[in-house]
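> Sharing a structure below in structure tokens format, with a few things to ask.
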Amino acid sequence: KKALKKKYVTANDVIASTATFINGGERIRLSIPAPISSSKKLIYPLNVLFEDDYLAVIHKPAGIVVSGNTFKTVAHALVQNLQPSKMTDATKPQPAHRLDFATTGILLIGKTSSGIRALAQLFEDKKVRKIYYAITIGEMQKAGTITTNIDGKQAHTNFQLIASVASKRFDKLNLVKLDPKTGRRHQLRKHLASIGNPILGDKDYGIEELILNGKGLYLHAYSLSFKHPFTQKNMYFEDKLPKRFGKIVGPNY
């Protein structure tokens, strides 16, 4: 909803009324104030890793949804954090994909109508490579592939064990690199739980007696690589691991 201040007319810079006589030669000016938005705006600082006139790459923090029917979303905060596009089809910035509420990491944004469509097509054609890191629970093999169907649909995740540390409560905690080849809802969380290595802090798919409360989900969208749909440049972005990962597996990761 928008509210407008009252319009007014001036004659020779004096506000006129129906009683104002015009003799000819006066400078008549109609003033129409710009619309003032009465709707509440979300002020939520975001870390912008890259942007041009077509797209942007940001860091998504934990504890906020990407989009939806709530006020506090990344989508609502984008206008406050990104520079306006100079392209003729510039539009309200929109996320090109989703990350879970508790997941941190790199998120790709479209800034123009054509950019949003082009990024959606890249994802549909599986031309965007996403790498994640997670802290998982329990003994794990060094590498493998998980192809368990999700919601009746084919799903494919490659994983690689990067480091393991002993844990008094969890027996063993692991830093795992994840390379999903499909993008099903909660794919990584479900796939890791299916092989007995749930993600630390996962209250939905974790082992009940091993649920970690108050620390969040240890899943991070680490990198994105794709060919820019307009400049045709090969793009690669990284969003470094959160400090809480290093507190578990050491500062070298």
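The values are calculated or read from the model by the stated rules, or taken from the named source; none is laboratory data. Here the structure is a predicted model, which means the values were calculated and not measured. Backbone-built Cβ (ideal geometry, glycine too); neighbour counts: all protein chains shown. For accessibility, only protein heavy atoms count, side chains too; no ligands or nucleic acids. Shrake-Rupley method; radii C 1.70, N 1.55, O 1.52, S 1.80 Å.
> Within segment 211-253, can you find the residues that are open to solvent by less than 40 Å² (accessible area, probe 1.4 Å), within 18 Å of residue 61 (Cα to Cα) and part of a strand (DSSP E or B)?
Answer for segment 211-253, where residues must be open to solvent by less than 40 Å² (accessible area, probe 1.4 Å), within 18 Å of residue 61 (Cα to Cα) and part of a strand (DSSP E or B): 219, 220, 221, 223, 224, 237.
Okay, residues lined up against (1) open to solvent by 50 Å² or more (accessible area, probe 1.4 Å); (2) among the hydroxyl-bearing types (Ser, Thr, Tyr); (3) within 26 Å of residue 205 (Cα to Cα):
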site	(1), (2), (3)
110	no, no, no
117	yes, no, no
145	yes, yes, yes
148	yes, yes, yes
158	no, no, yes
174	no, no, yes
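> Taking residue 54 as the residue in question, decide whether it is surrounded by 15 or more Cβ atoms within 10 Å (Cβ to Cβ) and at pLDDT below 95.
no
> Which members of segment 132-181 meet the condition of being without any contact (Cβ under 8 Å) to a residue 40 or more places away in the chain, within 23 Å of the chain's Cα centre (by Cα) and farther than 16 Å from residue 198 by Cβ?
Within segment 132-181, 155, 156, 158 meet the criteria.
> If residue 126 meets every condition in (1) within 30 Å of residue 171 (Cβ to Cβ); (2) open to solvent by 30 Å² or more (accessible area, probe 1.4 Å) apart from one, which number is that one?
With respect to (1) within 30 Å of residue 171 (Cβ to Cβ); (2) open to solvent by 30 Å² or more (accessible area, probe 1.4 Å), residue 126 is out only on (1).
> Has segment 80-99 got at least one residue that is open to solvent by less than 70 Å² (accessible area, probe 1.4 Å), in contact (Cβ under 8 Å) with a residue 40 or more places away in the chain and of a type outside the set (Gly, Ala, Ser)?
yes
> Quick one: residue 239 ticks every box in (1) farther than 20 Å from residue 106 by Cα; (2) charged (D, E, K, R); (3) in contact with a Lys or Arg (Cβ under 9 Å, 6 or more places away or on another chain) bar one, so which box is it?
(1) is the only condition that residue 239 fails.
> Is it true that residue 118 is touching a strand residue (DSSP E or B) at 6+ places or on another chain (Cβ under 8 Å) and at pLDDT 95 or above?
For residue 118, the condition - touching a strand residue (DSSP E or B) at 6+ places or on another chain (Cβ under 8 Å) and at pLDDT 95 or above - is met.
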